[in-house]
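One structure is given below, encoded as structure tokens.
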Amino acid sequence: MRKAVVIGQALITAVAALQVIAAPAAAQQEGLALEEVIVTAQKKSESLQDTPISLTAFGSEQLETQGIGGLDDIGSKVPSLTVEPFPINAATLRIFIRGIGISDTQVTQDPPVGIYVDGVYIARSTGTALDVAELERIEILRGPQGTLYGRNTTGGAINLITKKPSTESVELRQKFSVGNRELFTSKTSANIPLGDALALKLAYLDSEQSGFIDNHGPGGDFGDREVRGYRLDLRWLISDTLALDYAYDRSDMRFFNYMYQAVTPPDPNGNKGQAEPIKQSAQANSVYSDSRFSSMASGAPFEASDTEIEGHALTLTADFDWGQLKYMAAWRELSDASYADLGGGAGSTVYRLDSHEYCGAAAQAANGGCTPLVKPVVTQEQFSHELQFSGALLDERLEYIVGAYYFEESATEDNTPFHHQISSPVDNTGGQFRIVNFVSQRYDIDNEAWALFGQATWTPPVFDERLHLTLGARHSQDEREAIKNQRDETWAEGLGQAVNINDLGSNPVLGPVLSPILAAASFQLPGDRNFNKVRGEKRFKDDSFSAVLEYDISGDVNVYAKRVEAYKSGGFNTRDPQIDGQQGPASDGVDYGVGFADGFDEEKVLSYELGIKSELFGRRLRLNADVFYSEFDNMQINFVLAGTVADTKVINAGEAQMQGMEADLTFLATRNLMLMLNYAYLDAEVTSVIDPFGNDVTRRFSFSSAPEHSYTAAADWTVAAGDWGRLSFNLSTSYMDERNGGGAPRDDGSFTTVLRDYQLWNARLGLHELPLPGSLRLNLAAWVNNFTDEEYELYAIDNLPQADRAVVWGEPRSYGLDLVLEY
């Protein structure tokens, strides 16, 4: 904390010094100033410079210039933020702010970064639905936001604000994008006034692109995707003081996931746990490289994944003399069927790690015939209601917002019927004997949450009204229910026979051959893995408070200090092999005293922040910066059980702290040149983890996706302008320091999942507002992303049978042309 305060004092001193020299420079450039940025981060419209939050905002012009079409495009644009598609489900986003996020996507667990579209919380976020809307602004709120936004914002929140229909005039916009890897996108929007008080906005998206890794095995190519979507917005100005906004959107996405590429073969002296008897065979049927392959191969036919999203949202706003009343209601539905192949990439049908059809002897014995192709399907439905009252009292010295919130969600993760998961020859048996694992899973959840919240800002009649005090509070209650059904069986087959691995010793043919081999590999029997409608119920309540002290040093510089709290909801761990605490030992032979039905509790964060918002040199230079210190308590720690591939325990057993600083700088160097630099420093440490038996295992855990240093920089240059239009050039770069990909350390303390640092460069050359006949305007742009073709990793894992390190790569060089017609 002391380090953060020292940095904060240094920032304030530096800005004060800059003010001394700002006035002469401003006089030389009269009329040259940055445009004001309006945000709604505090659920009211206000200047970015008056908002005491570490906040980055992209307006519509910046979104166009930097090629941002939706949530999944901003990951490399903001330090402290990563937004990446989940490796085995490209429609699901993995989002981290300040190193806080979730690596595992279970329907029974919530992410700690809240996503909001026009104020509506998106519980199961995907990037697809958000590409359709015409965005007016994206706001990234860094740090806990527990008072106004509630649960699951311990990392921060992201607001996407769409452009509303207008009654002023007819507006048409057609954008085409073409590029390498067969990129084609068509995005159409039309604003249609239906009278003085009613307007309609329609949008349609059609997009497709090929992936950057070919599949020379059967099925589709890795990374190929097609998106279709449309959106309808309606605005009705019922009276001078009453307005209704309604939105409906639907998106359909068809895509092929990427495959993990093996980099490091398994350590011969290591232990893969239950995969140890097959690791040599898995290695023999895999391909390896520490450089990005241009092609890999699936063994079974690689199947397409499909996602459908649909939603309605309604907002009613009423203005009164005393303030404003706002009511928001929303319903969303998601259906996501995702297919993944985690095999070795060599096209082997001998070693497989997928959910495709299997017809071996084990399938005949366990299932009475071939097991079918199964794509795990997640379906989800959510309802939410929010009521807000806001206004000002005491001659507008007291601004306030109070409200109530209700949320309801039901979802299912259906991984049935009984199907293949992994099969491989047993090592040192010449391929005559195999181990096959089958699984059938279904998880159902019902969640309900409600909250009361309020926040007030008081400006006392002292210090020339430069002092502002804000207090906020939120009371939340959460009810969660989960049901687990699972059938999990491992079989041995060979010489035309098959037997459940738990009965191997009683088989006179397979037992004498395989039992000694499995024993030599320290193979642990999986035991009873059957769950039949096992139910878990949890209830949580939380009170989060915030306090902010602001002081206006001048009309262009203000500082703030804040203390905020937030919590992340508890839940259930579908990968827990124990039914409950009464079952007995887990798959590693240890009795932890808890199981799936017991669940885990919420975790809490307390954060302190010092910040400065400033505009200098006659508002040509905008410097916003902050330092922060956060403490996490009752952390949800994910323990991987020894000797298993994916069995875990999630237990509230950790504490952590982080400190850092963030700085956003925008400089209007000349009328034609704008420079931007955003930097983040993060020092995040898990300070204590005590396992269920009292052992200190802190060294085994660290934050994922928490780079120490990250920055973005950009230059926007208007090369020429006239009645014919405007020629501009944009150059940007982003840097991400090395970070842990999420794995546990080896015995020597080293990690195999560290992601290397990388830097990306993008460029864009555009012709804007070229006049055409009939009030048409034309915009053209040529762009290239990652033009140095940097090879960088998005994910690394260490628990595949064939690899101690396997990665998914980030996007290589891409380039294309945008053409936009506007009326």
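For segment 10-32, state whether one or more residues are surrounded by fewer than 16 Cβ atoms within 10 Å (Cβ to Cβ), farther than 24 Å from Asp556 by Cβ and at pLDDT 85 or above. Checked segment 10-32: no residue is surrounded by fewer than 16 Cβ atoms within 10 Å (Cβ to Cβ), farther than 24 Å from Asp556 by Cβ and at pLDDT 85 or above. For segment 454-479, filtering for residues that are part of a strand (DSSP E or B), within 18 Å of Lys562 (Cα to Cα), open to solvent by less than 60 Å² (accessible area, probe 1.4 Å) and not small (Gly, Ala, Ser) leaves 6. Of all residue pairs spaced 6 or more apart or on separate chains, those with beta-carbon atoms under 7 Å, a first member in segment 304-320 that is under 17 Å from Ala123 (Cα atoms) and a second member that is assigned to a loop (DSSP other than H, G, I, E, B) and of a type in the set (Val, Ile, Thr) are Thr307/Thr126; Thr307/Thr128; Ile309/Thr126; Ile309/Thr128.
Of all residues in segment 341-362, those satisfying the criterion of being touching a strand residue (DSSP E or B) at 6+ places or on another chain (Cβ under 7 Å) and within 14 Å of Pro218 (Cα to Cα) are Asp341, Gly343, Gly345, Ala346, Gly347, Arg352, Asp354, His356, Glu357. Spot the failing condition for Thr147; the list is (1) polar (S, T, N, Q); (2) within 18 Å of the chain's Cα centre (by Cα); (3) farther than 13 Å from Val39 by Cα; (4) at pLDDT 90 or above, and only one is missed. Result: Thr147 fails condition (2) only.
Working only within segment 423-439, note down all residues that are open to solvent by 10 Å² or more (accessible area, probe 1.4 Å), farther than 15 Å from Gly511 by Cβ and among the polar types (S, T, N, Q). Selection gives Asn428, Asn437. As for segment 334-351, it holds no residue that is acidic (Asp, Glu) and more than 27 Å from the chain's Cα centre (by Cα). Could you please let me know if Glu413 is touching a strand residue (DSSP E or B) at 6+ places or on another chain (Cβ under 6 Å), within 21 Å of Asn89 (Cα to Cα) and either open to solvent by 60 Å² or more (accessible area, probe 1.4 Å) or of a type in the set (Asp, Glu) (or both)? When the stated conditions are applied, Glu413 passes them. Pick from segment 47-74 the residues that are part of a loop (DSSP other than H, G, I, E, B) and either open to solvent by less than 10 Å² (accessible area, probe 1.4 Å) or at pLDDT 85 or above (or both): which of them is nearest to Leu34 (Cα to Cα)? Of everything passing the filter in segment 47-74, Thr51 is nearest to Leu34 (Cα to Cα). Candidates Gly570, Gly595, Gly611: the one that is touching a residue at least 12 places away in the same chain (Cβ under 8 Å) and farther than 26 Å from Gln145 by Cβ is Gly595.
For every residue, the table says whether it meets (1) without any contact (Cβ under 8 Å) to a residue 24 or more places away in the chain; (2) closer than 30 Å to Asp552 by Cα; (3) in contact with a Ser or Thr (Cβ under 6 Å, 6 or more places away or on another chain).
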site	(1), (2), (3)
Ser440	no, no, yes
Thr459	no, yes, no
Asp464	yes, yes, no
His475	no, no, no
Ile483	no, no, no
Glu493	no, no, no
Val513	no, no, no
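With respect to the conditions (1) at pLDDT below 90; (2) open to solvent by less than 50 Å² (accessible area, probe 1.4 Å), Gly496 lacks only one, and its number is (2).
Residues checked against (1) under 28 Å from Ala337 (Cβ atoms); (2) modelled with pLDDT of 90 or more:
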site	(1), (2)
Thr126	yes, no
Leu130	yes, no
Leu141	no, yes
Gly156	no, yes
Thr162	yes, yes
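The condition (being touching a helix residue (DSSP H, G or I) at 6+ places or on another chain (Cβ under 9 Å), modelled with pLDDT under 95 and surrounded by fewer than 15 Cβ atoms within 10 Å (Cβ to Cβ)) is satisfied by just one residue among Gly511, Gly505: Gly505.
Taking (1) out of contact with any Ser or Thr (no Cβ under 6 Å at 6 or more places or on another chain); (2) outside any loop (DSSP other than H, G, I, E, B); (3) open to solvent by less than 50 Å² (accessible area, probe 1.4 Å) in turn, Leu731 satisfies each apart from (3). Tallying residues that are out of contact with any Lys or Arg (no Cβ under 9 Å at 6 or more places or on another chain), farther than 30 Å from Asp341 by Cβ and open to solvent by 60 Å² or more (accessible area, probe 1.4 Å) within segment 196-247 yields 6.
Each residue in segment 192-240 was checked for being under 30 Å from Thr315 (Cα atoms), within 31 Å of the chain's Cα centre (by Cα) and touching a residue at least 24 places away in the same chain (Cβ under 8 Å), and 15 of them qualify. For segment 29-46, taking the residues that are of a type in the set (A, V, I, L, M) and in a loop (DSSP other than H, G, I, E, B), the one that is nearest to Leu623 (Cα to Cα) is identified as Leu34. Give, as residue ranges, the strands (runs of 3 or more DSSP E) completely inside segment 480-575 that count at least 1 residues that are of a type in the set (Phe, Trp, Tyr). Because the criterion is at least 1 residues that are of a type in the set (Phe, Trp, Tyr), the strands (runs of 3 or more DSSP E) in segment 480-575 that meet it are 531-552, 557-568. Those strands (runs of 3 or more DSSP E) of segment 592-671 in which at least 3 residues are among the polar types (S, T, N, Q), considering only elements entirely within it, cover 621-640, 648-670. Check segment 689-699 and report whether any residue there is in contact with a Phe, Trp or Tyr (Cβ under 9 Å, 6 or more places away or on another chain), assigned to a strand (DSSP E or B) and either under 23 Å from Asp798 (Cα atoms) or modelled with pLDDT under 95 (or both). The answer is yes, given that some residue of segment 689-699 is in contact with a Phe, Trp or Tyr (Cβ under 9 Å, 6 or more places away or on another chain), assigned to a strand (DSSP E or B) and either under 23 Å from Asp798 (Cα atoms) or modelled with pLDDT under 95 (or both). Restricted to segment 692-728, and to residues that are within 30 Å of Leu780 (Cα to Cα) and in contact (Cβ under 8 Å) with a residue 60 or more places away in the chain, which residue is surrounded by the fewest Cβ atoms within 10 Å (Cβ to Cβ)? Filtering first and then ranking leaves Tyr711. In summary, Ala275 fulfils each of the numbered conditions (1) of a type outside the set (Phe, Trp, Tyr); (2) in a strand (DSSP E or B); (3) in contact with a helix residue (DSSP H, G or I) (Cβ under 9 Å, 6 or more places away or on another chain); (4) crowded, with 23+ Cβ neighbours inside 10 Å with the single exception of condition (2). Of everything in segment 778-802, what is at pLDDT below 95 and either polar (S, T, N, Q) or not in a loop (DSSP other than H, G, I, E, B) (or both)? Give them in sequence order. Glu793, Leu794, Tyr795, Ala796, Ile797, Asn799, Leu800, listed by residue number. Taking the criterion of being open to solvent by 50 Å² or more (accessible area, probe 1.4 Å) and farther than 30 Å from Asp444 by Cα, the residues of segment 514-537 that qualify are Pro516, Ala519, Ala520, Ser522. Can you confirm whether Tyr288 is at pLDDT 95 or above and open to solvent by 50 Å² or more (accessible area, probe 1.4 Å)? Yes, satisfied.
The values are calculated or read from the model by the stated rules, or taken from the named source; none is laboratory data. If you're wondering where the values come from, they're calculated on a predicted model, not measured in any experiment. So basically every Cβ, Gly included, is an ideal-geometry build from the backbone, and we count neighbours across all protein chains shown. Side chains are part of the model used for accessible areas, which takes the heavy atoms of the whole protein and leaves out ligands, DNA and RNA. Shrake-Rupley method; radii C 1.70, N 1.55, O 1.52, S 1.80 Å.
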